[in-house]
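Encoded as structure tokens, the structure appears first; notes follow it.
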Amino acid sequence: RGQVVTFLWRLAGQPEPTNSESGFADVMDNAYYTKAVTWAAERGTTTGVDDTHFAPDATVTRAQFVTFLWRAAGCPQPKNRTMPFTDVPKSSYFYDAVLWAVEAGITKGTSDTKFSPDDLCTRAQIAVFLWRSEGSPLAEGRNPFADVAANAYYADAVLWAVAEDITMGTSRTTFSPDDTCTRAQIVTFLWRCKK
């Protein structure tokens, strides 16, 4: 939506707006994610895609989200320096973040030897990563979502995320666990979880 608003603004012949709160031209003051983007940028959890754009509608990979989560935790250095995944090169920006996430029990990868850093993050994965980063707290309450089976690997994480007001689902009865997440959504989930 942020990109569409900016496009329409430009189409009308208007100069691209600057945002006094977030500092990004594509993050409007009244967007649901403005405070989250401002928080993330101030903490160094993430930057924009360039100096003036955040790209709120862009999707996020597993490598990117684990890095956001690691930075939100203060960039803790992992004790174990042995990388179990063949698709995470030592020179990658997310190397320490992945080591930390594995050590902290946040992820085990997509297999014993693969992390799949370029795979896009789903809503289910984000809920699980956040839940595990908080110590996998007990989830209570009734499951309101028809698309979250009780035995799904993410069921407890989703119930916890809803109880903690991290997400409300995509409707009153759907969570859409397989939908990919945008940068705006992920930063908002992080902000609600870690603020």
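The values are calculated or read from the model by the stated rules, or taken from the named source; none is laboratory data. Just so you know, these numbers come straight off a predicted model, no measurement behind them. With ideal geometry, Cβ positions are generated from the backbone for all residues, glycine too; neighbour counts draw on all protein chains shown. All accessible areas refer to the heavy atoms of the entire protein, side chains included, with ligands and DNA or RNA removed. Shrake-Rupley method; radii C 1.70, N 1.55, O 1.52, S 1.80 Å.
With a cap of 14 neighbouring Cβ atoms within 10 Å, and only residues DSSP puts in a loop, list the trypsin sites (Lys or Arg not before Pro) found in the stretch 33-134.
Hits after loop and neighbour filter: K79, R81, K90, K108, K114.
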Query raised in the report: Which FRET efficiency value, to the nearest 0.05, is calculated for Y32 and D119 with the Förster distance at 30 angstrom and r the Cβ-Cβ distance?
Result: 0.70
Report summary line: P(r) of the stretch 99-172 over all Cα-Cα pairs, 10 Å bins starting at 0, rounded to whole percent, reads 18, 50, 27, 5
Query raised in the report: Using Cα atoms only, what is the angle between the long axis of helix 62-72 and the major principal axis of the chain, expressed in degrees (0 to 90) to the nearest 10?
Result: 80 degrees
Report summary line: Rounded to 0.05, the calculated FRET efficiency for the beta carbons of R142 and K195 at R₀ = 35 Å is 0.85
**Report entry** 0 to 90° range, to nearest 10: angle between helix 2-11 axis and the chain longest Cα axis
**Finding:** 20 degrees
**Report entry** Contour excess over end-to-end distance, with Cα ends at K79 and D50 and 0.36 nm allotted per residue
**Finding:** 7.2 nm
Query raised in the report: How much solvent-accessible surface does W39 expose, in Å² to the nearest 10, with a 1.4 Å probe and all protein chains in place?
Result: 40 Å²
Query - Approximate spin-label separation E103-D57, in nm, with each point projected 7 Å along Cα-to-Cβ - result: 4.0 nm
Query raised in the report: Residue by residue, what Karplus-based ³J(HN,Hα) values in Hz, rounded to whole numbers, does the stretch 146-151 have, using 6.51, -1.76 and 1.60 with θ = phi - 60° and x for Gly and Pro?
Result: 5, 9, 10, 5, 4, 9
Query raised in the report: Expressed as a whole percentage, what fraction of the accessible surface of the stretch 17-133 belongs to carbon and sulfur atoms when a 1.4 Å probe is rolled over the protein heavy atoms?
Result: 50 percent
Query raised in the report: In whole percent, what relative contact order does the stretch 53-195 give with Cα contacts below 8 Å and a gap of six or more residues?
Result: 29 percent
**Report entry** Restraint check, K35/K194; K79/K114; K90/K194, Cα-Cα greater than 18 Å
**Finding:** K79/K114; K90/K194
Query raised in the report: Which one of T45, T174, T82 has the biggest mean-square fluctuation once the chain is modelled by GNM with Cα springs under 10 Å?
Result: T82
Query raised in the report: When ligands, DNA and RNA are left out and all protein chains stay put, how many square angstrom of accessible area per residue does the chain have with a 1.4 Å probe?
Result: 52 Å²
Report task. Could you state the angle between the C-alpha long axis of helix 34-43 and the longest principal axis of the C-alpha atoms of the chain, as a value from 0 to 90 degrees rounded to the nearest 10? Result -> 60 degrees
Requested in this report: Using only Cα positions of the chain, each an equal point scatterer, no hydration layer, compute I(q)/I(0) via Debye at q = 0.10, 0.14 Å⁻¹ and quote the log10 values to two decimals.
Outcome: -0.44, -0.83
Report summary line: Sparse-neighbourhood loop hits (GluC sites (Glu not before Pro), the stretch 90-195; DSSP loop; Cβ within 10 Å at most 10 others) -> E140
